[in-house]
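The values are calculated or read from the model by the stated rules, or taken from the named source; none is laboratory data. Just so it is clear, the model here is predicted, and its values are computed rather than measured. Note that each Cβ is placed from the backbone with ideal geometry, even for glycine, and that neighbours are counted across all protein chains shown. What goes into the accessible areas is simple: the full protein's heavy atoms, side chains included, and nothing from ligands, DNA or RNA. Shrake-Rupley method; radii C 1.70, N 1.55, O 1.52, S 1.80 Å.
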Amino acid sequence: MKAHFHKIPVSSQSSFSIRHDVKPNFGTTWHYHPELELHYVIKGEGVRLIGDNISNFSAGEIVLLGQNLPHTWRCREEYFQYDADLEVEAIVIQFMPECLGRYLLGLPEAYLIPKLFEKAKSGLLINGDAREQLGPLMRRAVEATDLDRIIIFLSILKILSETDEIESIASKHHAFTQSNESDALRINKVCNYTLSNYKNEITLEEVASISNLSVTSFCRYFKLITKKTYYDFLIEIRISQACRLLIEDKLPTEVICFDCGFNNVSNFYRHFKKITKMTPLEYKRKYLRNYKELAAAA
């Protein structure tokens with residue numbers, strides 16, 4: 001009962017995979033694979049699910065995922081409308097730990113790389129100067145060939161392994177092993193239904209029915225996979241959407257509360273502070289201050 005296993009296509013002429021995606025959205029499948037993944041969002045925004053973590057993503061974000069760590073980048077609903085003039089863009093590098101040879105990781109000069117791969121098991125959000133350096137390198141890597149491709153990849157690993165500007169995303173030891181197709185379809189149906197209907201009241205009977213399980217069996221199944229109750233999952237989705245609306249700074253907090261599926265303001269404030277450790281006003285002020293600092297530095 002685990003996430004969908006995804007086979008990464010790698011050419012026999014390449015030691016690792018790199019692609020530059022431009023498409024309507026990032027899809028909806030919650031999946032995992034044995035390759036590590038460096039994911040650079042150039043355009044797009046929405047909610048990402050990595051392991052047991054639910055957070056917003058936006059343009060400029062760079063994340064390193066460890067082996068078999070389940071994940072999906074779910075765009076806002078507007079990206080799934082056929083007449084929407086929107087698209088996402090990302091550069092994705094996927095690689096096995098020993099893609100450059102089994103002896104590299106054992107070299108004394110490369111001792112930081114295995115440590116990086118261990119940290120990546122919980123997913124890493126790359127910040128600061130490290131992120132600013134990685135973006136251009138990943139763009140160059142898309143077009144690079146032969147030894148230049150390897151040199152750029154090593155430069156990327158050097159930055160990642162030496163920086164302390166990283167932030168763990170999910171709980172440790174949330175990696176999965178291969179699952180069957182029916183389990184993959186089931187959890188993806190639940191996630192997609194929740195992300196599409198979080199504004200409305202959702203009952204356990206509804207999501208259990210989608211899963212073809214009794215309420216009791218569904219609750220046990222969902223917690224086994226996500227390490228949290230379905231109710232906690234739903235609240236986190238709603239709070240993540242509220243955070244996005246607060247950042248946009250277009251609606252009053254009370255309106256955001258009801259727009260995100262909460263039925264009273266005090267309940268919204270209580271859940272918001274429990275998850276973010278801040279009040280909505282503190283969250284908005286912190287973000288706007290950081291935004292102004294970034295704009296001034298640009």
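Arrange the residues Tyr79, Tyr111, Tyr103, Tyr269 by how much accessible surface each exposes, largest first, with a 1.4 angstrom probe.
The ranking, largest first, comes out as Tyr103, Tyr111, Tyr269, Tyr79.
Report Rg/Rh for the range 228-286, rounded to two decimals, where Rg is the Cα radius of gyration and Rh the Kirkwood radius.
Radius of gyration over Kirkwood radius for the range 228-286 works out to 0.93.
Multiplying the sequence separation of Lys115 and Ala130 by 0.36 nm and subtracting their Cα-Cα distance, what value in nm do you get?
3.7 nm
Can you give the net charge of the other residues whose Cβ lies under 10 Å from the Cβ of Ile62, counting K and R as +1 and D and E as -1?
Neighbour charge sum, excluding Ile62 itself: -1.
Please give the per residue accessible area of the range 4-168, computed with a probe of 1.4 Å over protein heavy atoms only, in Å².
48
Determine the order of Ile166, Ile239 by accessible area, beginning with the largest, at a probe radius of 1.4 Å.
Ile166, Ile239
Which one is right for this structure if P(r) over Cα pairs in 10 Å bins from 0, in percent is calculated from it: [x] 7, 30, 37, 23, 3, 0; [y] 5, 23, 27, 20, 14, 9, 3, 0; [z] 6, 25, 34, 24, 10, 2?
It is the value labelled [z].
Starting from the coordinates of the alpha-carbon atoms of the range 182-296, obtain the Kirkwood hydrodynamic radius over all distinct pairs and give the value in Å to one decimal.
15.4
Using the Cα centre of the chain as origin and beta-carbon charges of +1 (Lys, Arg) and -1 (Asp, Glu), tell me which of Leu251, Ile225, Val22 is placed farthest towards the positive end of the dipole.
Ile225
Helix 215-226 sits at what angle to the longest principal axis of the chain, using alpha carbons and giving 0 to 90 degrees rounded to 10?
Around 30 degrees separate the two axes.
For Val215, Val22, Val88, give the ranking by accessible area with the largest first, probe 1.4 Å.
Descending order: Val22, Val215, Val88.
Going by amide H atoms built from the backbone, whose H comes under 5 Å of the H on Arg48, apart from near neighbours?
For Arg48, the qualifying residues are Ser55, Asn56, Phe57, Arg74.
Quick one: if the Förster radius is 35 Å, what FRET efficiency do Arg220 and Arg270 give, using the C-beta to C-beta distance and rounding to 0.05?
Between Arg220 and Arg270 the formula returns 0.85.
Normalising by the residue count of the chain, find the relative contact order in percent from Cα pairs under 8 Å and 6+ residues apart.
Across the chain, relative contact order equals 19 percent.
On a full-extension model of 0.36 nm per residue, what is the gain between Ile150 and Glu206, subtracting their alpha-carbon distance, rounded to one decimal in nm?
Separation in residues times 0.36 nm, less the Cα-Cα distance, equals 15.2 nm.
For the pair Asp259/Leu185, report the inter-label distance in nm, with labels modelled 7 Å from Cα in the Cβ direction.
3.7
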